[in-house]
Structure formats: C-alpha cells, structure tokens
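Here the structure is laid out as structure tokens; the discussion comes afterwards.
The values are calculated or read from the model by the stated rules, or taken from the named source; none is laboratory data. As the structure is a prediction and not an experimental result, all values here were calculated from the model. Neighbour counts are summed over all protein chains in view; Cβ atoms, including those assigned to glycine, are modelled from backbone coordinates with ideal geometry. These area figures cover heavy atoms from the full protein model, side chains too; ligands, DNA and RNA do not enter into them. Shrake-Rupley method; radii C 1.70, N 1.55, O 1.52, S 1.80 Å.
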Amino acid sequence: KAGVTQTPRYLIKTRGQQVTLSCSPISGHRSVSWYQQTPGQGLQFLFEYFSETQRNKGNFPGRFSGRQFSNSRSEMNVSTLELGDSALYLCASSLSGDNTEAFFGQGTRLTVV
Amino acid sequence: ELKVEQNPLFLSMQEGKNYTIYCNYSTTSDRLYWYRQDPGKSLESLFVLLSNGAVKQEGRLMASLDTKARLSTLHITAAVHDLSATYFCAVVNYGGSQGNLIFGKGTKLSVKP
C-alpha cells in the first residue's frame, strides 16, 4: 500500500514569506503528526491532528499552524518565515495516534534565505 | 516534562565489532520506538517495544526495554558498513490526552572496514 506522501520535497523561501506543506497519510490512517528536524534541536513535535481536530501541540510559536481535511490529508503552514525555520519537516501518520505505530513520510526540506 | 537521552551521540565502529546504544527517558511510558535515518532520508521504523522486558531482534540489531529503569538498548552485533546511519529512540508522550513522540538526539553510527 502507498506510504505517507509529502509535497513538495524541497522548498526555498525568503524571510517574511509564508509556506504551506502538504501530507497525505496512509489510506485508513486518521492521525497525522508533524515534526521539525534541525541539526541543532533534533526532532521536535509540532502538532497532531485526528479527525480534523488538533489534539496535541508542541512548543512552537503561533506562526506554525496546521489543519486536517475530511480525507485525513493535512497541511502545515508557517507564516512570516525566519532563517531558523530552515529544517526538514516530517509528517507521520498512524491509525489513531494513541498507541499505534507512526509511519513517516520522506519529508519536505525547507530552506529560508 | 518527558525527556529522552541517547548515548553515545556519535559512534565509530570497526566492522565485525559489537556495541550498544542506550536510551534513557525521564517519565513513565509504555511504548518505545527505534528508528533509523539515512542521510537526507526519512525515518524508518526498526522496532516497537511495548512492555517491560520486551526484546526484539532483526538481523544484527537487537532492542530491549526495561520500563522500571526507563532504559532501552539497541545492541549491534558484528557491525557491517550497511548499518551506518543515525539511530533514534522515541518515547510516546502522554503529556496531553493523546500521545506524541519525544525523540532522543540520535546516535550517528559510522561503521568502518
């Protein structure tokens, strides 16, 4: 079966712009989580969506937001981009989030210049 | 707040040698994952450890979990070059009503001939 699909794979944006990243989970999975990976901070949890509702949120500023659609696809938006937002953004899907294994997509590499 | 510590962070091994990566976590959790990441790639799930005393093996890798000590180990037997990657442990965080993953900083493994 198809895995987790993230688009686009690579993005270059300018400071101050905004960006939207997309994640299509594995068919039948209803939970989508987003993670930011940087060399300095490692992998950090951004937020989790389940059935179109944000269930959990990490310690990121309000510039980071997301949403989930009725087909479980999720988007993540970052407004007013800063250089420090340059990172690999990973999306993970799982059946329900609680106590179910998470499968990761290939990630979107965002570079802010 | 749940914290996950891995050590060592860097590991250079000779082919054929054995070594262990350690993952300590600070608060109770009943689910621990090990992931592998190749450079520029996403996270590949290696093991899911669900209960105290759980041990799982795949090829040259063996993972175990001691929930009382809040410790998991990833043991590498007779290392080969193909095992060179970064290995992450992740613990389910029940800080909210649902779970999310808290990752260790990762162990970058380099296996040399």
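Scoring A:PHE60 on the criteria (1) in contact (Cβ under 8 Å) with a residue 24 or more places away in the chain; (2) open to solvent by less than 20 Å² (accessible area, probe 1.4 Å) leaves a single failure, condition (2).
Screening A:PRO39 on (1) under 14 Å from A:LEU90 (Cβ atoms); (2) within 12 Å of another protein chain (Cβ to nearest Cβ) shows it passes everything except condition (1). Here A:ALA102 meets each of (1) modelled with pLDDT of 90 or more; (2) among the hydrophobic types (A, V, I, L, M, F, W, C); (3) out of contact with any Cys (no Cβ under 6 Å at 6 or more places or on another chain); (4) under 22 Å from B:GLU1 (Cα atoms) with one exception, condition (1).
Considering only the range B:59-82, state which residues are open to solvent by less than 60 Å² (accessible area, probe 1.4 Å) and in contact with a Phe, Trp or Tyr (Cβ under 8 Å, 6 or more places away or on another chain). Selection gives B:LEU61, B:ALA63, B:LEU71, B:SER72, B:THR73, B:LEU74, B:HIS75, B:ILE76, B:ALA79.
In the set (1) part of a strand (DSSP E or B); (2) basic (Lys, Arg); (3) open to solvent by 50 Å² or more (accessible area, probe 1.4 Å), B:LYS105 fails one condition alone, (1). From the set of residues in the range B:6-56 that are among the aliphatic types (A, V, I, L, M) and under 25 Å from A:GLN37 (Cα atoms), which is surrounded by the fewest Cβ atoms within 10 Å (Cβ to Cβ)? Checking each candidate, the answer is B:LEU9. Would you mind stating whether A:LEU11 is more than 14 Å from every other protein chain (Cβ to nearest Cβ) and open to solvent by less than 10 Å² (accessible area, probe 1.4 Å)? Spelling it out, it is not the case that A:LEU11 is more than 14 Å from every other protein chain (Cβ to nearest Cβ) and open to solvent by less than 10 Å² (accessible area, probe 1.4 Å). The lone criterion from (1) at pLDDT below 95; (2) in contact with a helix residue (DSSP H, G or I) (Cβ under 6 Å, 6 or more places away or on another chain) left unmet by A:VAL112 is number (1).
In the range A:67-107, the qualifying residues are those that are in a helix (DSSP H, G or I) and free of Cβ contacts under 8 Å to residues at least 60 places away in the same chain, and the one that is most open to solvent (accessible area, probe 1.4 Å) is A:GLY84.
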